[in-house]
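The values are calculated or read from the model by the stated rules, or taken from the named source; none is laboratory data. Given the structure is predicted, the values throughout are model-derived calculations rather than measurements. Cβ coordinates were reconstructed from backbone atoms using ideal geometry, including for glycine residues, and neighbour counts include every protein chain displayed. Heads up: the accessible areas ignore ligands, DNA and RNA and are worked out on the full protein's heavy atoms, side chains in. Shrake-Rupley method; radii C 1.70, N 1.55, O 1.52, S 1.80 Å.
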Amino acid sequence: MKPDDSSLSPSEYAAIHRAATDLLNRASAWDRLPTPVPDLLGAAKLRVAPMSAFDPRSLLRHALQFGERAASLVKSAIEKVRGIFDVHEDLIHIDTTVTESKQNFLKLHEAGHKHIPHQSKLFRWIQDCDKSLSPDVSDQFEREANIFATVVLFQDSRFAQMAADSNFSIKVPLALSKKFGASIYASLREYVRRNERACAVIVLNPVEVCPVLGMRSDLRRLELSPLFQKRFGKLQVPENIDRMSPLAEFIPLGGRKMSRPGTLTLEDKNGDLVEFIAEGFATPYNSFILIHAVSGLKKSPIVPSSFLGGSR
């Protein structure tokens, strides 16, 4: 599973939230859908480079001249770097090979590096002194920029408020992703992150053909709602899902985008069994399994032989 990319302490979050809502105010972006990214960049006094500083396909072709290992290293770097903030030129370079919704997030992420006060000042000092950030600080800044982009793109609580007007369903964040100009990946995480229900989304990498088990999908990331974490603790999911796993039925296959809703049972911290509804959705880039608790608890001394379960 990929490492956490968006956790901050309450005080850290408050500072990033202030910077994000300040930019929304400056751009008069509230309640304008899709979220007006060009106006937000304008309010941040940032420009997008007309031609990206990096063309992944061109870089890979060039690296192949030096062998497969060089190409592999370049490919690994490209997968981690999708945007660049040029401090002195107030210019951002974006990987234009990704979807438009992903580009929107990248642009706001880079805008965070500019608009978060302590980041902007430090980046300018570093460039002037020809220094570099330590890995720990760099990781912190990336997580801060991710949160900044999320708050701005989803207009703080606007996305959650609109989602709350509908019954819980995977179709809700799918529809809202189009309204806000956000990716399905980001929208599903936001849907769970701010939800009052006990719910979670399991993000998987694309399904691969496995000679022995028929199919396999590796775990990419988990997002748990606050109530889920409080009641169940961590969600135990294997690193990869194959056709023998009960989760497999919720992964759309054969060109389908959605799976039929089904049920599963999880044990909470108190040993109570809670019934969940699970729904699946697939894109060319990821598969998603959204689960949410059905109201009502059943006390049972039997420990379920489940692939999931809250840690005690």
With a 1.4 angstrom probe the carbon and sulfur portion of accessible area for region 206-303, in percent, totals 54 percent
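For region 165-244, take N as its residue count and report Rg(C-alpha) divided by 2.2 N^0.38 Å.
Values: Rg = 14.5 Å, N = 80, 2.2 N^0.38 = 11.6 Å.
Cα Rg divided by the expected 2.2 N^0.38 Å: 1.25.
Any of LYS230/LYS257; LYS171/LYS269; LYS2/LYS107; LYS179/LYS234 with alpha carbons more than 28 Å apart? Name them for me.
Numbers: LYS230/LYS257 31 Å; LYS171/LYS269 30 Å; LYS2/LYS107 22 Å; LYS179/LYS234 32 Å.
Pairs exceeding 28 Å: LYS230/LYS257; LYS171/LYS269; LYS179/LYS234.
Taking 0.36 nm per residue of sequence separation and subtracting the Cα-Cα distance, how much length would be gained by fully extending the chain between SER9 and THR21, in nm to one decimal? All intermediate terms of the calculation are to be shown ahead of the outcome.
Working: separation 12, 0.36 × 12 = 4.32 nm, distance 1.80 nm.
Length difference between fully extended and current span is 2.5 nm.
Given a Förster radius of 35 Å and the C-beta distance between THR96 and ARG32 as r, what FRET efficiency does 1/(1 + (r/R0)^6) yield to the nearest 0.05?
Numbers: r = 24 Å, r/R0 = 0.68.
My answer for the efficiency is 0.90.
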Once both label points are put 7 Å beyond Cα along the C-beta direction, the LYS179-ASN240 separation in nm becomes 3.9 nm
